[in-house]
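Let me begin by presenting the structure, written as structure tokens, before commenting on it.
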Amino acid sequence: MVSGNVVDDKTGEALGQVSVSAGRISVVTNEDGDFTLKLTEAPGKIAISHVGYKTRYLDVKLGQSENLKVRLRPATIQLREIVVMNENPRELVETAISKIPDNYSMVPEMLKGFYRETAMKRKHYIYVAEGVEDMYKTPYNRSVHRDKVAIVKGRRLLSQKSSDTLGIKVMGGPVQAVILDLVKNREFLFNKENMDEYRFTMAAPEFINDRQQFVVKMEPALNTDYALYHGKIYIDCERLAFTRIELHLDMRDKDKATRTMLVKKPFGVKFKPRELSSVVDYRYEDGVTRISYLKNTFRFNCDWKKRLFATSFTATCEMVVTDSSSSDIRPIGTRSSFDSRDSYYDKVEYFLDPDYWSSYNIIEPSESLDKAIQKLVSKYRRN
């Protein structure tokens, strides 16, 4: 096992969402910068990378690799800025789309992932649900319609406070790893009709995994019947592969944003959207770029009639691909797959076992989440 904490070398601040990998096995750090990588054999080297930072490569041996202290240095951009600023951003995105067959898998693959879903009322957790999943991916020259997700192992915790009367459920939780694979699911964003709705501009370049990235900003250019997004697209300068996509739903029209975020609500409750943001990361390994991480954040307020103040809620979905295989794999059957209309919370059971995850790689809970889990467990036991 390899474990440690990752911080910014200059400020000492913890770095979340940092990729920690040994070959095809990988995890990400939590909000506190902590990670645990469970391996069956000595990895030799592990790579630690993050947007805008120089990648660290550490020699590690099993039994001598716990509680590592890792400091990442910001990467320095040199010479490339003028060339980047002269690129046509729309054409650059279209070129990256045309290069998808060269950069992404053209054979079926099975990805192993860890998924976590949390909901907070103000500053305390209402529920935590998490699990290990299999994700079957067809080649990237095919649609996402045959891509499937199945729960391997899952668990949940629910607040026992009577005041937590409003339940939050995220529809399709783990399936978002299919829907938000924007490089493959081009019906969502990267098609001509959708791209015509946006204005593209070049931003300052960045580094990911020691590789320089074009950064393209996208902003709504048209007034549509539905909410559009503000975003940043990272494209590898040499391979012209998409490596990271950040999206934030335009909140200027609250009615449009509500139609995008809300499935249904109790009678008498007024829903006020505040944020819907998504991050999708891709990682290059063995000559192939694969989806490696995604995170969705929903923030909104709810007003009840006859109440003086609104209540704030936050729901977060996070998934990291921990392993991948392209040999001897079979598609996930429809009966075993998770449906986009399902709620993950309804599909997994309550848990107490502290060794539940065993040898599975997971995203370590942050300190605040770990304390919340302990409180939820103790309340459940008392009841």
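Points to keep in mind about this one:
- Criterion (under 22 Å from residue 29 (Cβ atoms) and not aliphatic (A, V, I, L, M)) met by exactly one of 274, 252, 290: 290
- Flag for residue 130 being out of contact with any helix residue (DSSP H, G or I) (no Cβ under 8 Å at 6 or more places or on another chain), at pLDDT 95 or above and not hydrophobic (A, V, I, L, M, F, W, C): no
- Cβ-Cβ contacts under 9 Å between residues 6 or more apart (or on different chains), taken from a first residue in region 122-133 that is of a type in the set (Phe, Trp, Tyr) to a second residue that is open to solvent by 30 Å² or more (accessible area, probe 1.4 Å) and part of a strand (DSSP E or B), are listed as 127/156; 127/158.
- Residue within region 50-60 that is without any contact (Cβ under 8 Å) to a residue 24 or more places away in the chain, closer than 27 Å to residue 235 by Cα and among the charged types (D, E, K, R) present: yes
- Residues in region 228-240 that are closer than 22 Å to residue 56 by Cα and touching a Lys or Arg at 6+ places or on another chain (Cβ under 8 Å) were compared, and the one that is surrounded by the most Cβ atoms within 10 Å (Cβ to Cβ) is 234.
- Any chance residue 252 is over 21 Å from residue 173 (Cβ atoms) and part of a loop (DSSP other than H, G, I, E, B): yes
- Region 260-274, subset in a strand (DSSP E or B) and open to solvent by less than 100 Å² (accessible area, probe 1.4 Å), residue modelled with the lowest pLDDT: 269
- When region 349-376 is filtered for residues that are of a type in the set (A, V, I, L, M), in a loop (DSSP other than H, G, I, E, B) and at pLDDT 85 or above, the ones remaining, listed by number, are 362, 363.
- Residue within region 214-227 that is surrounded by 17 or more Cβ atoms within 10 Å (Cβ to Cβ), outside any strand (DSSP E or B), under 24 Å from the mean Cα position of the chain (by Cα) and not β-branched (Val, Ile, Thr) present: yes
- Candidates in region 320-344 are the residues that are in a loop (DSSP other than H, G, I, E, B) and in contact with a Phe, Trp or Tyr (Cβ under 9 Å, 6 or more places away or on another chain); of these, the one that is most open to solvent (accessible area, probe 1.4 Å) is 330.
- In region 271-299, the residues that are touching a residue at least 40 places away in the same chain (Cβ under 8 Å) form Cβ pairs under 7 Å with partners that are of a type in the set (Phe, Trp, Tyr), at six or more places apart or across chains, as follows: 281/293; 282/242; 288/104; 289/104; 289/282; 290/282; 291/282; 292/282.
- Selected residue (only one of 305, 295 is modelled with pLDDT under 90 and out of contact with any Phe, Trp or Tyr (no Cβ under 7 Å at 6 or more places or on another chain)): 305
- Selection of region 275-292 for residues being open to solvent by less than 40 Å² (accessible area, probe 1.4 Å) and either within 19 Å of the chain's Cα centre (by Cα) or among the charged types (D, E, K, R) (or both) yields 276, 277, 278, 279, 280, 281, 282, 283, 289, 290, 291, 292.
- Residue 295 touching a strand residue (DSSP E or B) at 6+ places or on another chain (Cβ under 6 Å) and open to solvent by 20 Å² or more (accessible area, probe 1.4 Å): yes
- Where residue 257 falls short, out of the listed (1) crowded, with 18+ Cβ neighbours inside 10 Å; (2) in contact with a Ser or Thr (Cβ under 8 Å, 6 or more places away or on another chain); (3) over 23 Å from residue 209 (Cβ atoms); (4) not aromatic (Phe, Trp, Tyr): (2)
The values are calculated or read from the model by the stated rules, or taken from the named source; none is laboratory data. Bear in mind that the values here come from a model prediction, so they are computed numbers and not experimental data. Quick reminder, even Gly has a Cβ in these numbers, built from the backbone with ideal geometry, and neighbours come from all protein chains shown. Heavy atoms of the whole protein, side chains included, go into the accessibility calculation; ligands, DNA and RNA do not. Shrake-Rupley method; radii C 1.70, N 1.55, O 1.52, S 1.80 Å.
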